[in-house]
Number of protein chains: 2
Amino acid sequence: MTTITKAFFESLDAADPLAPLRGQFDLGDTLYFNGNSLGPPPRSARDRLRQVVESQWRAGLARGWDMHDWLHLPERVGDRIARLIGAAPGEVVAGDSTSVCLFKLAAAALQSTERAQVVTDEANFPTDLYVLSGLREITGRRIEVLRRPVDRIAASVSGQTALVTLTHVNFKTSRMHDMPALTAAAHDHGALILWDLSHSVGAVPLALNACGADLAVGCTYKFLNGGPGAPAFSFVAQRHHQRLLPMLRGWMGHASPFQFSGEYTSASDSRRYAVGTPEVLALSSVDASLEVFDGIDMTVVREKSVRMSGLLMELIEHECGEFGMEIATPTDPAQRGSHVAVRHPEACTIMQALIAENIIGDFRTPDLMRFAIAPLYLRYADLLELVAALRKTVETRPWESDVFRRRATVT
Amino acid sequence: MTTITKAFFESLDAADPLAPLRGQFDLGDTLYFNGNSLGPPPRSARDRLRQVVESQWRAGLARGWDMHDWLHLPERVGDRIARLIGAAPGEVVAGDSTSVCLFKLAAAALQSTERAQVVTDEANFPTDLYVLSGLREITGRRIEVLRRPVDRIAASVSGQTALVTLTHVNFKTSRMHDMPALTAAAHDHGALILWDLSHSVGAVPLALNACGADLAVGCTYKFLNGGPGAPAFSFVAQRHHQRLLPMLRGWMGHASPFQFSGEYTSASDSRRYAVGTPEVLALSSVDASLEVFDGIDMTVVREKSVRMSGLLMELIEHECGEFGMEIATPTDPAQRGSHVAVRHPEACTIMQALIAENIIGDFRTPDLMRFAIAPLYLRYADLLELVAALRKTVETRPWESDVFRRRATVT
């Protein structure tokens, strides 16, 4: 089977319209299945950072604010992201961490209504839940947070719900929510919905405006390859700009920051959701990383992603099922994001052994391996290599050696 | 006079113990008096950024979190800053913008008490005031914000005051508050005090713990030279770590982020004031920039700063007073930070003309020129050149030409 399979996978690579993009990354021999944790640097980002440091910061000094229009990086980067998430220009502003962006938008949403209930997914990414716990305390409004199992979210929304907040693709299992249906469910009850796109943007086509989504945030250091700890982004649908007032207010969200007025007058567009001085180095890296997506059709990216994740699940079941590996990701492509999660009691050790072989995925406590499918730089043939290594590793039972110990890594 | 003066200024440079540090910056012929807006890149920062992009991000990929301990950059950078502000290791955490840090600490302080009054400086930097306006709305607690003239702040603190929040050195005039006296005034009435050190850190010695300060934030892209839009820092005195709970909560402030628990359990140390994923590129730049301060005695920095700003004020009065230039900065060194502000009705045009000559200060609406004294890279002789150019510029009355138009720059 291996020979036939190899020819088949190579034929898929030969026919892959995205194959030339791999050249923009400098991955060498590394098999990188961790793009949902940290994307690799495209050459454009490395070149841009050099240029921003040397030509803009060093040579331009503070003149860079004018000469290189650093001031509008949050909107420029936001507009590039807008195309990838089905938003309009002017609806997305980049800056701050995903957690801070979640706080900003959830706070603005809760402030706009008398309702004081939030519905969320009990399996949501922890930071999304922590943000709500802080908001509950600071508002002093006895906000009720309903954490519901994935299949009971729609049914939990009611006329008391102010906000539904969900991560589109689950960080552990890769399970993907039905965005149009859940957005409609929120709206049916007069609630707003806030989507965390951290594990979807750059890998899954998104159509926020087409399904009427209200708010969204997302991460730029995963499938967008913006750099470790790169700034996040905030989307607020145009129709809400007047109504949703920022609670986290800084001078960059003021209508006229350089008037240095002591009175707060919010900018009237999405810039009101900006807060502090733009993160010039980090936003420049994100901006350049997004150039890789220029001219790319996200439906082609998705097609490759679904095909690859489907093949990977089949291969793992076929080659490693007998060793107790279980797929934790939905087999229905409509319910699946862009990584494959695999359970095994010795997941942590197996992952360390793979990493030692330069095959990089990651581990999530207690028993999950995650393999990200990043269609911009992965080859179908990489899947075969991964699964061969996975089988070989599990066969050698590395957890019986004491070379490997537990380590933590970052999503 | 010029000849005598020149020899005198050159003798000051010859005797300056900080003179060798200029070699760590690559300023060429630029006379850079805008270090309170954006510091120039030290070579250490440029080298580090190259290294972080090429060796850590590109070659290490997500392994960087372990291999390069990216996860603890907020504390590592915080500990470097701690020395410069008179804080203990473990009391400072770097990350997020100054505005976001202000929100974090002011929110935690207000949440810890029934009192609902904040006393601040009516001339405070706008973002500091905007943060309070947002907090007032989100808490719904009818928080009263008293904005007082600089000389009435101490007298305005009372048993109703929860928090006094002040920027140590005023961004326009360079007027410096008496930190020990105002901290004592706050404590006398049982209030907490939050210092914004954006315009002091790196230029003025600070002794937060010696005067018992409770909270502080500061900017790293001014006198610390961390890079445009670099992350800020938060200081919380050790004695408050247990008591002041973060309201802006993210996974990086959790006691065990990699357990991915849905329940929020705050870290017990200052790490609880961290929120999202550390800004690796930007924090690495700050970390390297701070190396320039290693082994530097801040009292020596301050001595040079005070001497330079004093000389600059004298020179400007002597050479430019007749052209309507007025010093807006206190002549008493104890009340002066590390820049000199000069009023002139045509300040905007004069500054543009200077910048065209590669002499860079900045303009603040409506009529203020600011000249920062950054003792790490400025030479006494630069002051003479600046004032000669200033006089020549004002003599030629550039505002009667239409070459120059208004522009905005960033503090």
Those residues of region A:142-179 which are in contact with a His (Cβ under 8 Å, 6 or more places away or on another chain) and surrounded by fewer than 20 Cβ atoms within 10 Å (Cβ to Cβ) amount to A:V150, A:S158, A:G159
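What helices (runs of 4 or more DSSP H) lie completely within region B:271-372 and have 3 or more residues being closer than 24 Å to B:F8 by Cβ, at pLDDT 95 or above and β-branched (V, I, T)? Break it down into steps so the answer makes sense when it comes.
Working: elements: B:280-291, B:298-320, B:347-356.
Answer list for region B:271-372: B:298-320.
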Scan region B:272-305 for residues that are crowded, with 21+ Cβ neighbours inside 10 Å and at positive phi and report the count. 0
Would it be correct to say that B:T139 is at the interface with chain A (Cβ under 8 Å from one of its Cβ atoms) and crowded, with 24+ Cβ neighbours inside 10 Å? no
Among the numbered criteria (1) under 19 Å from B:F260 (Cα atoms); (2) under 20 Å from the mean Cα position of the chain (by Cα); (3) not small (G, A, S), which one does A:P330 miss? (1)
With the condition kept exactly as written, say whether any residue in region B:29-41 is among the hydrophobic types (A, V, I, L, M, F, W, C), surrounded by fewer than 24 Cβ atoms within 10 Å (Cβ to Cβ) and within 12 Å of chain A (Cβ to nearest Cβ). yes
Identify, please: which residue in region B:120-178 is modelled with pLDDT under 95 and over 24 Å from A:V275 (Cα atoms) and is, among those, nearest to the chain's Cα centre (by Cα)? B:V150
So, A:F233, is that one surrounded by fewer than 24 Cβ atoms within 10 Å (Cβ to Cβ) and assigned by TED's automatic domain parsing to the domain that holds A:P126 or not? no
What number of residues within region A:184-223 satisfy the criterion of being more than 14 Å from chain B (Cβ to nearest Cβ) and buried (at least 23 other Cβ atoms within 10 Å of the Cβ)? 18
Quickly run through region B:237-289 and pick out the residues that are more than 7 Å from chain A (Cβ to nearest Cβ) and among the acidic types (D, E). B:E263, B:D269, B:D287
Test each condition in (1) assigned to a helix (DSSP H, G or I); (2) not assigned by TED's automatic domain parsing to the domain that holds A:A230 for A:Q56 and report the one that comes out false. (2)
Filter result (among the hydrophobic types (A, V, I, L, M, F, W, C) and within 12 Å of chain B (Cβ to nearest Cβ)) within region A:355-390: A:I355, A:A356, A:I359, A:I360, A:F363, A:L368, A:A372, A:A374
Selection from region A:1-55 of residues over 29 Å from A:A232 (Cα atoms) and among the charged types (D, E, K, R) yields A:K6, A:E10, A:D13, A:D16, A:D29
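Of A:A19, A:A94, A:A82, A:A15, which residue is in contact with a Pro (Cβ under 9 Å, 6 or more places away or on another chain), farther than 30 Å from B:N34 by Cβ and of a type in the set (G, A, S)?
Details: A:A19 fails: in contact with a Pro (Cβ under 9 Å, 6 or more places away or on another chain); A:A94 fails: farther than 30 Å from B:N34 by Cβ; A:A15 fails: in contact with a Pro (Cβ under 9 Å, 6 or more places away or on another chain).
Step by step, each of A:A19, A:A94, A:A82, A:A15 is checked, and only A:A82 is in contact with a Pro (Cβ under 9 Å, 6 or more places away or on another chain), farther than 30 Å from B:N34 by Cβ and of a type in the set (G, A, S).
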Selection from region B:98-126 of residues that are more than 15 Å from B:S234 (Cβ to Cβ) and within 7 Å of another protein chain (Cβ to nearest Cβ): B:Q111, B:E122, B:P126
Here the residues within region A:15-46 that are farther than 15 Å from A:V292 by Cβ, in contact with a helix residue (DSSP H, G or I) (Cβ under 9 Å, 6 or more places away or on another chain) and among the aliphatic types (A, V, I, L, M) are A:L31, A:L38
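Which of the residues belonging to region B:34-91 are aliphatic (A, V, I, L, M) and within 30 Å of B:V204 (Cβ to Cβ)? Reasoning before the result, please.
Applying the first criterion (aliphatic (A, V, I, L, M)) to region B:34-91 yields B:38, B:45, B:49, B:52-53, B:59, B:61-62, B:67, B:71, B:73, B:77, B:81-82, B:84-85, B:87-88.
Within region B:34-91, B:L38, B:A45, B:L49, B:V52, B:L73, B:V77, B:I81, B:A82, B:L84, B:I85, B:A87, B:A88 meet the criteria.
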Scan (1) at pLDDT 95 or above; (2) over 27 Å from B:T98 (Cα atoms) for the single condition A:D29 breaks and write down its number. (1)
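Evaluate region A:288-301: report whether one residue or more is of a type in the set (D, E) and in contact with a Lys or Arg (Cβ under 9 Å, 6 or more places away or on another chain).
At the first step, the residues of region A:288-301 found to be of a type in the set (D, E) are A:291, A:294, A:297.
Now narrow it down to the ones that are in contact with a Lys or Arg (Cβ under 9 Å, 6 or more places away or on another chain): A:291, A:294.
There is at least one residue in region A:288-301 that is of a type in the set (D, E) and in contact with a Lys or Arg (Cβ under 9 Å, 6 or more places away or on another chain).
The values are calculated or read from the model by the stated rules, or taken from the named source; none is laboratory data. Since the model is a prediction, treat every value here as computed from it, not as a measurement. Quick reminder, even Gly has a Cβ in these numbers, built from the backbone with ideal geometry, and neighbours come from all protein chains shown.
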